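These notes are about the structure you will find just below.
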Amino acid sequence: MSLGGGLDEAVPFALPLARRFRGTGLREGVLLRVGDTWGEWAPFPEYDDATGARWLAGALEAARGDWPAGYRDSVEINAIVPALDPETVTRLVTDAVATDGCTVVKVKVAERGQTFDDDVARVAAVRAALDDCGAPAPTGRIRVDVNGGWLVDDAIERLAVLDDIAEGLEYAEQPCATLEEMASLREQTHVRLAVDEGVRLAAAGETDARLAERVRAAGDVLVLKAVPLGGVRRSLAIADAVGLPVTVSGALDSTVGLAAGLALAAALPDPPYACGFGTGRLLAADLTGETALPRDGRLSVVRHVPDPSRLAAARARLDDDRAQWWLDRLARCLEVLGAQS
């Protein structure tokens, strides 16, 4: 295909996951190259082209190396616990503390096909594992990620239960789907609420000032994801407009893609909450020779380039039809971006 957007190369890829996460066992996307610099474009397949185009703006910013200078050279990282059984969760948390030095744990809840009892058991296992590893509250902190899965009345009751089990949740990420529901919930719970999808999936054309007003009413913490929001500079502008404390998270990135989130976390004037860049533990393969993993609970702000053999292997995991699906999607999203400029 003929590449637009100043791209020199676009390589579809697929990476297997060590465990199913977000309903999938395979992470797909496209690596984009401009000169010697790479960006990662991997909007989830169910997202429409308008959303994919926003991700593409962030991926192109990364591929062009257009990031502001940072205030720090490393950031604190939270461990990630998928929607797994308590025994597996205990092992994951023990390894996160002992191997990676992470004492902040984000726990996925409200998984489709599971019950609230499963959530309770998972959070209880995390709390017990942190305590056993010598990281009791408040040193060992728990946050839950609901991905908009609860109605307001359910969220009020469930957050109270999980907050008690966790011995004080650090916050709950996007308990309800809309900003309006989040605002209603915020008036009825003492648990801090973090806004993620409410910002990323905001209606096109909404002004920054109006979005900032709605986010401030809905939450206490702002979750930023650099590439999905349109890039590091765009994310910094949103953070400045909203004015809430910030955490930066990845989007199940490879080590190549993780660089954009790290650049954002480094460029924030105030240090963010522990960042959601622990996804390296979820990957069974990567695009680089070595996966970026926390040390002493932190990740260095560095940029990695793909290893040619690993990139070739990741490309080979996609059949030609699926690879073309990604390239066709890329072409459409480039057109959307072009129409917006």
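Numbers below:
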item	result
Neighbours by Cβ (under 6 Å, 6+ apart or cross-chain): first from segment 213-238, polar (S, T, N, Q); second outside any loop (DSSP other than H, G, I, E, B)	235/224; 235/264
Residue in segment 153-188 that is nearest to the chain's Cα centre (by Cα), counting only those that are buried (at least 19 other Cβ atoms within 10 Å of the Cβ) and assigned to a loop (DSSP other than H, G, I, E, B)	174
Counted residues, segment 218-241 - those being in a helix (DSSP H, G or I), farther than 24 Å from residue 155 by Cα and of a type outside the set (Lys, Arg)	8
Sole exception among (1) more than 28 Å from residue 297 (Cβ to Cβ); (2) touching a residue at least 40 places away in the same chain (Cβ under 8 Å); (3) outside any loop (DSSP other than H, G, I, E, B) for residue 150, by number	(3)
Qualifying residue in segment 198-214 (condition: closer than 29 Å to residue 166 by Cβ, at pLDDT 95 or above and not in a helix (DSSP H, G or I))	no
Any strands (runs of 3 or more DSSP E) falling wholly within segment 37-117 and containing at least 1 residues that are touching a Leu at 6+ places or on another chain (Cβ under 6 Å) and without any contact (Cβ under 8 Å) to a residue 60 or more places away in the chain	79-81
Within segment 83-110, tally of residues that are among the basic types (Lys, Arg) and under 17 Å from the mean Cα position of the chain (by Cα)	2
Whichever residue in segment 242-254 is assigned to a loop (DSSP other than H, G, I, E, B) and more than 13 Å from the chain's Cα centre (by Cα) and, among such residues, is farthest from residue 298 (Cα to Cα)	243
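Residues are listed down the side, and each one gets a yes or a no for (1) within 24 Å of residue 317 (Cα to Cα); (2) among the polar types (S, T, N, Q); (3) surrounded by 13 or more Cβ atoms within 10 Å (Cβ to Cβ); (4) outside the structural domain of residue 260 (by TED's automatic domain parsing):
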| position | (1), (2), (3), (4) |
| --- | --- |
| 23 | yes, no, no, yes |
| 79 | no, no, yes, no |
| 92 | no, no, yes, no |
| 117 | no, no, no, no |
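The values are calculated or read from the model by the stated rules, or taken from the named source; none is laboratory data. Nothing here was measured: the structure is a model prediction, and the numbers come from that model. Don't worry about glycine lacking a Cβ; one is built from the backbone with ideal geometry, like all the others, and counts go over all protein chains shown.
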